[in-house]
Amino acid sequence: MTGRGSNQYRRQPAADPAVPGPRLLRQAGLSGLPAPRRWPRLLPVAPEMWREIADWGRIPPRVLRLLSRHPKSTVRAAVAVHWRTPPTVLQQLVGDPDQQVRWCVASNVHTPRAALDMLAGSQEVSVRIDLAGNPAAPVGTLQRLLRDPSRAVARAAVNNPSLSPAVRAVWQLAHGDDL
């Protein structure tokens with residue numbers, strides 16, 4: 001029998017672990033979770049599980065917002081690099097105390113321009129290098145990074161696809177092959 005009452009038309013659980021919302025959390029072994037408003041109390045529990053949840057592709061932005069306040073930097077870094085992280089959360093993560101989180105914010109093409117401008121003044125060379133390689137970096141920020149004392153930062157900025165070929169050519173003429 002293949003009518004309405006048959007098993008053929010029953011909804012099966014998704015095989016994809018990236019199903020968002022409560023089903024995602026149940027599949028992660030969190031079937032008894034309270035309402036999302038009570039999740040902040042659960043953040044210190046099982047940080048690797050939360051990091052994996054933050055890595056899943058279709059996670060709702062509200063969950064990413066919640067995970068951005070997780071005490072473990074690996075979880076916050078997974079949020080910072082995620083393509084669905086809201087711009088307001090990325091702006092907040094610019095001031096994160098962990099360098100890895102700021103590095104992930106600098107490399108995210110969805111990071112707001114104002115946040116990218118702030119990261120250009122970072123003391124960590126690795127953050128500035130990743131910012132210089134971000135194709136979404138504003139041209140003004142890239143021009144600032146071209147004057148960076150670190151050759152690695154300037155090299156990454158000159159190779160950014162957002163920089164015009166004319167600026168790149170002038171820069172390479174002025175600095176020779178040392179970049």
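The values are calculated or read from the model by the stated rules, or taken from the named source; none is laboratory data. Everything quoted here is computed from the prediction, not taken from an experiment. Note that each Cβ is placed from the backbone with ideal geometry, even for glycine, and that neighbours are counted across all protein chains shown.
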Restricting to the range 54-109, and then to whatever is out of contact with any Leu (no Cβ under 8 Å at 6 or more places or on another chain) and of a type in the set (Gly, Ala, Ser), can you tell me which residue is farthest from residue 122 (Cα to Cα)?
57
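Looking only at the range 134-147, how many residues end up being more than 14 Å from residue 116 (Cα to Cα) and either in contact (Cβ under 8 Å) with a residue 12 or more places away in the chain or not assigned by TED's automatic domain parsing to the domain that holds residue 106 (or both)? Walk me through it before giving the result.
Start the filter on the range 134-147 by keeping residues that are more than 14 Å from residue 116 (Cα to Cα), which leaves 146-147.
Imposing the further condition that a residue be either in contact (Cβ under 8 Å) with a residue 12 or more places away in the chain or not assigned by TED's automatic domain parsing to the domain that holds residue 106 (or both) reduces the set to 146.
Here the count works out to 1.
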Please specify each residue of the range 67-110 satisfying the condition of being touching a helix residue (DSSP H, G or I) at 6+ places or on another chain (Cβ under 6 Å) and small (Gly, Ala, Ser).
68, 73, 77, 78, 80, 106, 107
Going through (1) closer than 19 Å to residue 104 by Cα; (2) modelled with pLDDT under 95 one by one, residue 134 fails only at (2)
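Across the range 100-148, what is the number of residues that are assigned to a loop (DSSP other than H, G, I, E, B) and farther than 15 Å from residue 86 by Cα?
Residues of the range 100-148 assigned to a loop (DSSP other than H, G, I, E, B): 108-112, 120-124, 134-138, 147-148.
Applying the additional criterion that residues be farther than 15 Å from residue 86 by Cα yields 120-124, 134-138, 147-148.
Residues meeting the conditions: 12.
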State which residue pairs qualify: first residue over 18 Å from residue 117 (Cα atoms) and inside the range 148-175, second residue surrounded by fewer than 12 Cβ atoms within 10 Å (Cβ to Cβ) in any location, beta carbons under 8 Å apart, and separation of 6 or more residues or different chains.
151/178
Do you know which residues across the range 78-98 are at pLDDT below 95 and assigned to a helix (DSSP H, G or I)?
78, 79, 80, 81
Could you pull out the residue among 155, 128, 102 that is basic (Lys, Arg), out of contact with any strand residue (DSSP E or B) (no Cβ under 9 Å at 6 or more places or on another chain) and surrounded by fewer than 19 Cβ atoms within 10 Å (Cβ to Cβ)?
155
